[in-house]
Amino acid sequence: MSARLPAVRPAADRVLADIADYVKSNAAPSALALDTARACLVDTLGCGLEALEYPACTKLLGPIVPGTIVPNGAHVPGTDFVLDPVQAAFTLGAMIRWLDFNDTWLAAEWGHPSDNLGGILMVADWLGRNAKATGKPGPTMGEVLRAMVQAHEIQGCLALENSFNKVGLDHVVLVKVATTAVVAKMLGLSREQIIDALSLAWVDGQSLRTYRHAPNTGSRKSWAAGDATSRAVRLSLMVKAGEMGYPTALTAKTWGFYDASFGGQPFKFQRPYGSYVMENVLFKISFPAEFHSQTAVEAALMLHARLKAMGKTDADIVRISIRTQEAAMRIIDKQGALANPADRDHCIQYLVAVPLIFGRLTAADYEDAVATDPRIDVLRAKIVCAEDVNFTKDYLDPGKRSIANALTVELTDGTILDELVVEYPVGHMRRRAEGLPLLEEKFRRNLGLRFDRDRQQKILDASADRVRLEAMQVTDYVDLYTVGSTA
């Protein structure tokens with residue numbers, strides 16, 4: 001006979017309460033965190049604008065039912081869509097994530113904290129438009145930046161010591177949790193209601209990571225974060241309407257998240273919530289590629305130049321050896337056929353072969369027009385990866401968080417080129433001074449894909465100074481990005 005479980009409703013799990021206390025606190029983020037959040041904001045929106053160049057993305061966007069009219073709905077940047085906040089969060093979230101070019105956080109779990117902007121910005125815009133309709137002031141961009149800092153921190157701190165991928169779950173569970181926390185606060189929920197909303201996020205069935213790995217790699221990995229951030233908005237709105245929560249969603253014996261989905265292990269934490277993650281977030285500046293490969297791509301481009309100077313090409317290569325981190329071995333070390341762009345941008349052999357052959361790596365290089373070039377698969381077959389335990393150690397070291405790759409090229413004439421080691425990508429904190437001007441240039445380039453020069457300048461002027469940006473109404477800032485707006 002099984003023992004009866006107690007029916008008394010317990011106090012909320014400490015993990016849920018700590019997150020709620022953090023988002024309800026009035027602690028000011030550091031100036032560095034806010035300045036980084038401004039850079040993150042423009043980079044993230046720029047990534048979304050670039051994604052609108054790809055029909056595979058745009059076919060999923062907009063209202064679920066064509067022609068739906070939403071009074072005072074959220075305006076999706078780069079489009080003429082006016083949507084309810086849930087669908088607006090999905091649309092912007094899918095745009096942001098589509099090209100795998102927004103920011104990154106690497107730890108025991110990986111992820112892209114700016115994925116949360118889909119929910120944050122669209123809820124803020126929806127709240128602002130409804131406030132404006134009644135003659136009241138709405139949220140400011142300062143509130144958006146502070147929400148971004150908090151969402152980054154929640155997602156990143158949960159990721160530091162807890163590997164969801166090792167139990168088969170995708171990292172977008174952390175997007176759902178982080179967006180839920182900050183959106184619930186934006187909607188005016190109490191501490192207890194924020195806990196309820198967070199519990200619903202954990203109770204949800206979580207996404208399986210299978211769509212990021214062979215043999216199932218596919219485009220869902222490009223919209224999964226949009227789905228997660230929109231689900232967070234939906235759950236928060238349900239709690240605002242009076243829906244209940246589940247206080248031990250994590251710790252309940254047998255039925256809670258820990259026992260059902262996390263091997264019975266509780267979460268571990270390295271540090272309290274503050275501003276650490278935003279301050280140290282990694283920007284993808286140079287290449288739209290899985291982040292563990294960024295330094296390998298940089299090394300490959302340098303090797304391309306070296307080969308060219310020697311009068312050699314990829315045809316003269318007999319073998320390429322890559323020393324890398326354990327995480328890269330698990331995620332992007334692939335042999336065999338690659339089925340689609342989503343498969344290609346998560347294959348380190350492909351990500352090294354393309355720059356060695358062409359001297360570049362762009363989002364277009366994952367499409368069939370380039371991928372069918374037979375030289376790519378020939379070179380891929382010559383690339384061998386191996387883990388370097390010191391690279392793995394430095395990858396996990398909170399004082400370093402390097403993402404090192406080392407490439408050695410052997411030629412058909414017996415020449416072995418000196419190994420090229422790149423420890424930190426351009427978007428790393430240790431290369432921030434070098435990276436920020438390039439990030440701003442990336443933003444300008446993406447604005448040019450969607451707007452005329454006058455609108456580009458208005459956006460640049462509004463975005464350039466963090467203090468000025470913080471004072472802007474969200475609706476005024478979003479209008480600058482809205483197609484058809486007279487802003």
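The values are calculated or read from the model by the stated rules, or taken from the named source; none is laboratory data. Nothing here was measured: the structure is a model prediction, and the numbers come from that model. Every residue, glycine as well, gets a Cβ built from its backbone with ideal geometry; the counts of neighbours run over all protein chains shown. Ligands, DNA and RNA are stripped out before the accessible areas are found, and what is left, the full protein with its side chains, is counted by its heavy atoms. Shrake-Rupley method; radii C 1.70, N 1.55, O 1.52, S 1.80 Å.
The average projected area of region 314-412, computed from the convex hull of its Cα atoms over all directions, is 6.5 nm². With a cut-off of 17 Å on the backbone N, the residues of region 53-78 near the modelled label site 7 Å out from D368 along Cα-Cβ are 54-57. In this label model, S321 and A305 are separated by 2.5 nm, measuring between points 7 Å along each Cα→Cβ vector. Each Cα pair of region 1-123 feeds into the Kirkwood radius, which the Stokes-Einstein equation turns, at 10 °C and 1.306 mPa s, into a diffusion coefficient of 92 µm²/s. Between A471 and T68, the FRET efficiency from the beta-carbon distance, with R0 = 41 Å, is close to 0.80.
Of the GluC sites (Glu not before Pro) found in region 343-413, those that fall in a DSSP loop while having at most 15 other beta-carbon atoms within 10 Å are E367. In this structure, R330 and R360 have a Cβ-Cβ separation that, at R0 = 22 Å, corresponds to a calculated FRET efficiency of about 0.20. With 0.36 nm allotted per residue and the present C-alpha distance subtracted, the K268-E410 stretch has 46.7 nm of extension available. Once backbone amide H atoms are built at 1.01 Å from N, T140 has V474 as its partners under 5 Å, excluding neighbours fewer than 5 places away on the same chain.
Available extension along the chain between E441 and V421 is 4.6 nm, counting 0.36 nm per residue and deducting the alpha carbon span.
Heavy-atom accessible area with a 1.4 Å probe sorts H75, H171, largest first, into H75, H171. How large, in percent, is the carbon and sulfur part of the accessible surface of region 56-207 at a probe radius of 1.4 Å? Taking all protein chains in place, region 56-207 shows 58 percent carbon and sulfur surface.
If N is the number of residues in the chain, what value comes out of its Cα radius of gyration divided by 2.2 N^0.38 Å? That ratio works out to 0.99.
With the helix formula -39500 (n - 2.57) applied to DSSP H stretches of n ≥ 4, the chain reaches a computed 222 nm mean residue ellipticity of -15500 deg cm²/dmol. Averaged over its residues, region 295-366 has an accessible area of 34 Å² per residue, based on protein heavy atoms and a 1.4 Å probe. Amide H to amide H distances under 5 Å link I383 with I320, where only residues 5 or more positions off or on other chains count and H is placed in the peptide plane. Length available on full extension from A339 to L208: 0.36 nm per residue minus the Cα-Cα distance, which gives 45.2 nm.
Among S236, S219, S207, the order of accessible area from largest down is S219, S207, S236, computed with a 1.4 Å probe on protein heavy atoms.
Considering only Cα atoms, the convex hull volume of region 366-466 works out to 183 Å³ per residue.
Checking the cross-link pairs K132/K240; K24/K268; K221/K312; K24/K221; K221/K334; K59/K185 against a 27 Å limit on the alpha carbon distance flags K221/K312; K24/K221; K59/K185 as lying beyond it.
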